[in-house]
Amino acid sequence: MDAAFGEALIRLLPNLRRYAMSLARRPDLADDLVQTTVERAIRAADSHDPAARLEPWLFRITRNAFIDLTRRQRTEGVQVDVFDMPEALAHDGDRAVEARLMLRATQDAMQALPPEQSEILHLICIEELSYAEAAAVLDIPKGTVMSRLSRARLALAEKLGIR
């Protein structure tokens, strides 16, 4: 692993954490996914094409780690996180409160979507991947990305009451 690869990996940690949160929906699991992603990326650094963007490759590793984690959890049984607490709203004006409420409603609506729809929305709208990059991360055709994204946007708008 060269220094440039390490620096790029560190720079992308917030993006990996956001994507991991969109998959795991729990901070502790998201942190575990990011750690697993970094470990796997460092071990496989030689297999990454330096001419290609690093972000989609890392997202693919994160997604595969999440799939592995999900399969493992099926055999472990139910686990409960005793530290879950609702987030407190800051009181810094009506607009800020409205924005936070809309953001929270959007997050809740995205979480209520089927996983393939929330995942595609996250990759395209939040992580700003191209359709081709998202297709590579998810290992699906670009046309499937486009149709899933269209259905996801319609479902999200309906859940938010703006359709």
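What follows draws every value from the coordinates through simple rules; no lab data is involved. Note that this is a predicted model, so its numbers are computed, not measured. Note that we place each Cβ from the backbone using ideal geometry, even for glycine, and neighbour counts take in every protein chain shown.
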Spin-label point model (7 Å from Cα, Cβ direction): what's the residue 101 to residue 144 distance in nm?
4.0
Report the extension gain between residue 4 and residue 158 in nm, rounded to one decimal, defined as 0.36 nm multiplied by the number of residues separating them, less their alpha carbon distance.
51.1 nm
Points 7 angstrom from Cα along the Cβ direction at residue 108 and residue 69: gap in nanometres?
2.4
When the chain is treated as a GNM, springs tying every alpha-carbon pair under 10 Å, which of 63, 25, 11 comes out with the largest mean-square fluctuation?
11
Over the Cα atoms of the chain, compute the convex hull volume and normalise it per residue, giving Å³.
147
Tilt of helix 54-76 relative to the longest C-alpha principal axis of the chain, in degrees (0 to 90, nearest 10)?
70
